[in-house]
Amino acid sequence: MNIKEAMMEVLQSILPITVVVFLLQFTIIRMPVKDFMTFLFGVILTFSGFTLFLIGVRYSLLPIGEEFGVFLMKNVNLWLLIGMGVALGFAVTISEPGLQILANQVTDVSNGEIPRILLMITVSLGLGIFLALSLLRVIFKLPLRIILLCSYILVFILAIFSSQKFFAVSFDAGGVTTGPMTVPFILAFGVGMSSVSGAKTASEDSFGFVGLASIGPILAVLILGMIF
């Protein structure tokens with residue numbers, strides 16, 4: 001991917017919302033000029049930042065994720081597999097910008113009752129554990145549908161006993177982990193593992209990684225709500 005391709009991809013992503021805000025500004029909202037100029041400055045920063053980020057992901061995060069997947073499959077050690085899955089999932093999730101924003105908002109809304117760092121660690125650990133479960137699914141050829149079904153049954157059971165505050169936060173936590181840091185790495189990781197294992201459905205297995213890994217934060221936050 002060259003710079004021009006990255007710029008076009010980012011432009012296609014942010015242009016629709018930018019056009020909508022422009023139309024609303026000159027028809028309905030008419031926000032102060034200062035606020036509108038701040039918005040335009042934010043659009044420029046977003047465009048520049050995501051362009052650089054996208055290039056970095058394509059040339060660093062994706063190859064690293066795939067190499068890790070290949071390495072683990074060539075050195076199949078169950079405990080190493082579980083440990084690396086948890087560690088990698090934790091590391092890539094806790095650096096997710098969306099998670100940090102969610103943690104800040106939850107802390108503000110709860111007046112500090114839910115500590116920011118505790119929520120971030122809980123979500124990251126939940127994803128790490130379920131990423132390890134995703135790796136075991138590829139190794140032992142476990143059916144994804146059965147695992148997803150059992151996991152969501154457990155989610156709704158825990159939701160009954162968890163705090164109402166944590167119920168909404170838990171599903172938001174599952175959403176923020178599908179951000180620009182986490183998804184590319186997990187997909188590349190899954191493709192690397194599946195390709196070495198000789199699976200004909202390598203792409204399907206890697207997409208299963210994201211779906212299954214996103215349940216981990218939901219369960220983790222619900223359990224945290226039960227503890228609180």
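With K and R counted +1 and D and E -1, the other residues having a Cβ less than 13 Å from that of residue 221 yield a net charge of 0.
For the stretch 32-94, a Kirkwood hydrodynamic radius built from all Cα pairs, placed in the Stokes-Einstein relation at 4 °C and 1.567 mPa s, yields a translational diffusion coefficient of 88 µm²/s. Computed over protein heavy atoms with a 1.4 angstrom probe, the accessible surface ordering of 141, 4, largest first, is 4, 141. At q = 0.29, 0.35 Å⁻¹ the log10 of I(q)/I(0) for the stretch 9-48 amounts to -1.01, -1.16, computed by Debye summation with a single uniform scatterer per C-alpha, solvent ignored. Could I get the Rg over Rh figure for the stretch 137-197? Both from C-alpha atoms, Rh via Kirkwood, rounded to two places. Radius of gyration over Kirkwood radius for the stretch 137-197 works out to 1.08. Under Stokes-Einstein, with the Kirkwood radius over Cα pairs as Rh, the value for the stretch 67-135 at 10 °C and 1.306 mPa s is 123 µm²/s. Screening the chain for whole DSSP H helices with an alpha carbon extent of at least 20 angstrom along the helix axis and a mean Kyte-Doolittle hydropathy of at least -1.0 yields 3-27, 33-56, 78-94, 116-140, 144-161, 182-197.
Along its principal axes, the chain has C-alpha extents of 60, 47, 27 angstrom, given from the largest down.
Sorting 21, 123 by solvent-accessible area of protein heavy atoms yields 21, 123, largest first, with a 1.4 Å probe. Over all projection directions, the Cα-based convex hull of the stretch 1-107 averages an area of 9.8 nm². For the stretch 89-169, report the translational diffusion coefficient in µm²/s to the nearest whole number, using Stokes-Einstein at 25 °C, 0.890 mPa s, and a Kirkwood Rh over Cα pairs. Estimated diffusion coefficient is 172 µm²/s. Of the solvent-accessible surface of the chain, computed with a 1.4 Å probe over protein heavy atoms with every protein chain present, carbon and sulfur atoms account for 73 percent.
Under a point spin-label approximation (7 Å from Cα along Cα-to-Cβ), what is the residue 136-residue 20 distance to one decimal in nm? Spacing of the two 7 Å Cα→Cβ label points: 4.1 nm.
The values are calculated or read from the model by the stated rules, or taken from the named source; none is laboratory data. For clarity, every value in this text was computed on a predicted model and none was experimentally measured. Quick reminder, even Gly has a Cβ in these numbers, built from the backbone with ideal geometry, and neighbours come from all protein chains shown. Quick note on the areas: whole protein, heavy atoms, side chains included, nothing else; ligands and nucleic acids left out. Shrake-Rupley method; radii C 1.70, N 1.55, O 1.52, S 1.80 Å.
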